[in-house]
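These notes concern the structure reproduced below.
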């Protein structure tokens, strides 16, 4: 009997970074898609609070609750067998270390998450330190922070000026030092994302951040053309020209692995 493939872990992703093998990641919200994504070769399943927009019909990710994140994470956990399962910490659940520990505990114990993702830099460093000290693997998230959309005033690229780029560099190093094992960079210039990927020891996953990060992530509903709203300029619909959803997912993985995606038109300068 053939031996089952080994589970994807943080160590697996670190080894992929070391040998320059791009990491394929997609958001996922249910068991059926979890199985399809794994079959296509996706290494990281991110239960994103983007479900607020693409599943619930909200205008932003802010209304998503911890109960909803636990529910969707548990759905994905029942469908996955090998991929690393990462879950977003919803709005304000990481406002204090105490709240973050409680929320992360629920996502891991009730939801089956293997890692939690937090948005922000300097303001959450103590929280990251306390989570990792208690055995909670942490993925950071810098650049465009969707949970801060009302403060930012819109979905805009970050780090395009000198001060903004310096702040992202500083926060990336600080998150790594605090114990984060993975970092998502969203909507930052490709050159800055490449610099940070080379600078950090931990893997860097890009979304709207060019092709030279250690991996890529997209919102599942965007890359299949399912979301009726406006598609982000950094995304691509992989479904046209393919006979099935599974074929489109496999095409996405192949495009990430070959660095054909993102192409120049999907990457900010």
Check: Would you list 36, 107, 173 from fewest to most Cβ contacts within 10 Å?
Finding: 173, 36, 107
Next item on the list: For residue 59 and residue 4, calculate 0.36 nm times their separation in residues minus their Cα-Cα distance, and state this gained length in nm to one decimal.
Entry: 15.7 nm
Check: For the stretch 1-139, what class follows from the C-alpha gyration tensor (a ≥ b ≥ c being the square roots of its eigenvalues): rounded when a/c is under 1.5, otherwise prolate if a/b is larger than b/c, else oblate?
Finding: oblate
Notebook entry, point to check: Using a Gaussian network for the chain with springs between C-alpha atoms less than 10 Å apart, which of these wobbles most: 240, 232, 22?
Noted result: 240
Item checked: Listed residues 146, 63, 189, most fluctuating in the chain (Gaussian network, C-alpha, under 10 Å) -> 63
Checklist line | Virtual spin-label span in nm between residue 32 and residue 98, 7 Å along Cα→Cβ | finding: 4.3 nm
Checklist line | Order of 28, 139 - criterion: other Cβ atoms within 10 Å of each residue's Cβ, fewest first | finding: 139, 28
Next item on the list: First obtain the Kirkwood hydrodynamic radius of the chain from its Cα pairs, then insert it into the Stokes-Einstein equation at 20 °C and 1.002 mPa s, and state the resulting D in µm² per second as a whole number.
Entry: 117 µm²/s
Note to self: Between residue 15 and residue 109, what's the calculated FRET efficiency when r is the beta-carbon distance and R0 is 22 Å? Round to 0.05.
What the structure shows: 0.20
Notebook entry, point to check: Can you give the % of DSSP beta bridges in the stretch 10-266 that are antiparallel, to the nearest 5?
Noted result: 5 percent
Next item on the list: Over the stretch 31-112, consider all pairs of different Cα atoms and compute the Kirkwood hydrodynamic radius from their mean reciprocal separation; express it in Å, one decimal.
Entry: 13.0 Å
Next item on the list: Using only alpha carbons, build the gyration tensor for the stretch 103-222 and give me the equivalent ellipsoid semi-axes, biggest first, whole Å.
Entry: 23, 16, 15
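Any read-out appearing in this document is the output of simple, stated calculations on the displayed coordinates, not a laboratory observation. Everything numeric here is computed off the predicted structure, so don't read it as measured data. Using ideal geometry, Cβ is built from the backbone for each residue, glycine included, and neighbour counts are taken over all protein chains shown.
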